[in-house]
1. Of the conditions (1) within 25 Å of Ser91 (Cβ to Cβ); (2) part of a loop (DSSP other than H, G, I, E, B); (3) within 12 Å of the ligand (Cβ to nearest atom), Leu317 fails just one. Which one is it?
2. Could you pull out the residue among Cys183, Cys163 that is more than 9 Å from the ligand (Cβ to nearest atom) and either closer than 26 Å to Ala96 by Cα or in a helix (DSSP H, G or I) (or both)?
3. Do you know which residues across segment 289-314 are more than 24 Å from Gln50 (Cα to Cα) and more than 13 Å from the ligand (Cβ to nearest atom)?
4. I'd like to check something: does segment 139-152 contain any residue that is among the aliphatic types (A, V, I, L, M), over 15 Å from Asp220 (Cβ atoms) and either open to solvent by 10 Å² or more (accessible area, probe 1.4 Å) or more than 8 Å from the ligand (Cβ to nearest atom) (or both)?
5. So, Val109, is that one under 19 Å from Ala285 (Cα atoms), at pLDDT 95 or above and in contact with a helix residue (DSSP H, G or I) (Cβ under 7 Å, 6 or more places away or on another chain) or not?
6. Only residues that are open to solvent by less than 30 Å² (accessible area, probe 1.4 Å), under 24 Å from Phe227 (Cα atoms) and not small (Gly, Ala, Ser): list them for segment 114-138, please.
7. Hey, could you check segment 259-285 for residues that are without any contact (Cβ under 8 Å) to a residue 12 or more places away in the chain and more than 13 Å from the ligand (Cβ to nearest atom) and say which is surrounded by the most Cβ atoms within 10 Å (Cβ to Cβ)?
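The values are calculated or read from the model by the stated rules, or taken from the named source; none is laboratory data. Given the structure is predicted, the values throughout are model-derived calculations rather than measurements. Every residue, glycine as well, gets a Cβ built from its backbone with ideal geometry; the counts of neighbours run over all protein chains shown. Quick note on the areas: whole protein, heavy atoms, side chains included, nothing else; ligands and nucleic acids left out. Shrake-Rupley method; radii C 1.70, N 1.55, O 1.52, S 1.80 Å.
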Amino acid sequence: MTTNVKAVRIEAFGGPEVMTLAQVQVGEPGPGEIRIRHHACGLNFIDVYQRTGLYPNPLPLVLGMEGAGIVEAVGEGVTHLRAGDRAAYASNPPGAYSEARVMPAKCVVKLPDGIAFDTAAGMMLKGLTAQYLLKRTLPQGGLRPGDHVLFHAAAGGVGLLACQWARHLGLQLIGTAGSDEKCALAREHGAAHAINYRTEDFVARVKEITGGRGVKVVYDSIGKDTFERSLDCLQPFGLMASFGNASGPVPPFAIGTLAAKGSLYVTRATLFTHIATREATQAMADELFAVVQSGAVKVRLAQRYPLAEVAQAHRDLEARKTTGSSVLLP
Ligand SMILES: NC(=O)c1ccc[n+]([C@@H]2O[C@H](COP(=O)([O-])OP(=O)(O)OC[C@H]3O[C@@H](n4cnc5c(N)ncnc54)[C@H](OP(=O)(O)O)[C@@H]3O)[C@@H](O)[C@H]2O)c1
């Protein structure tokens, strides 16, 4: 059986205009797959990289890596989900910008009743990312309450969740953001300090805040514009955790720089290594659901767009107009 659904598809890489609302066919799930009907889909910066081709995928392509809805059918071998379950995911391959899709079941988890579909669509990819960064992407010796970390784009989707989660862990998160209003938002969400990196020298401010010592970790999703100066914010043996390229990819650099700046460590991390198995995905999702259900981490759904207005959603995200999470409603 196949049905026609609406989905946002691209046939070439490019600007927001390459996205069109198309009718696509959705069939029955095969072994290890499910069919899910979306109630909400998440908007993420990775969708921009996939739209432009910075992260290339075969074309034509339905975009979107995050969603929540009702499981309609399960394929052979899927035991953790049943038709009728409320479910949510952050998952490869893309395809979430749609009314319904067939997808691998591995990264789909049951959604607790207390979490609404739109909240789930605004928190799975970003919240699992905040989880693996703050709990698994750590400097030598780990992080302890009171330690300083620097988190760029602290008022964004991943950023606001990370601010709250860091506060929950007792960390002193120094956030950066592109306006005074965004800095205030980061502070309201748990950042101990916030720096407007459009008007202030963030390296000097980090040194001032930490009494000249620097931070143990920098979580940097800005890439090209911040990478080098972020290294100057680190303590000796500190960890540079690069996890995105909102301003463009980090250019190649001389590895000797890491010695000169204090035997630094660098990683380029991605969520998809962390959620490679169903067990790991479930364990991380359980932690995320726990902090959301306890109220320690709240999901700020600041932008909602009908699926048909996806081009505007991408323009707003790329123009740095959004804060917190954005969802697309099919
Ligand atoms: N590796 C992973 O596992 C992983 C997973 C999830 C997300 N990410 C990365 O984490 C970052 C945040 O993702 P998100 O979806 O939550 O997005 P977001 O933070 O809501 O939006 C990106 C933010 O980056 C800042 N930015 C700085 N320079 C920019 C530029 N030249 N163009 C556009 N934005 C710029 C803007 O905030 P200001 O105005 O405050 O500067 C903007 O709001 C992205 O880089 C994403 O790729 C990585």
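1. Of (1) within 25 Å of Ser91 (Cβ to Cβ); (2) part of a loop (DSSP other than H, G, I, E, B); (3) within 12 Å of the ligand (Cβ to nearest atom), only one is false for Leu317: (2).
2. The conditions single out Cys163.
3. Phe289, Ala290, Val291, Val292, Gln293, Ser294, Gly295, Ala296, Val297, Lys298
4. yes
5. yes
6. Leu125, Lys126, Leu128, Thr129, Gln131, Tyr132, Leu133, Leu134, Thr137
7. Only one residue fits best here, namely Ala280.
Listed here are the residues, each with its yes/no results for (1) in contact with a Leu (Cβ under 6 Å, 6 or more places away or on another chain); (2) at pLDDT below 95; (3) within 13 Å of the ligand (Cβ to nearest atom).
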{"site": "Arg213", "(1), (2), (3)": "no, no, no"}
{"site": "Tyr219", "(1), (2), (3)": "yes, no, yes"}
{"site": "Thr226", "(1), (2), (3)": "no, no, yes"}
{"site": "Ser230", "(1), (2), (3)": "no, no, yes"}
{"site": "Leu234", "(1), (2), (3)": "yes, no, no"}
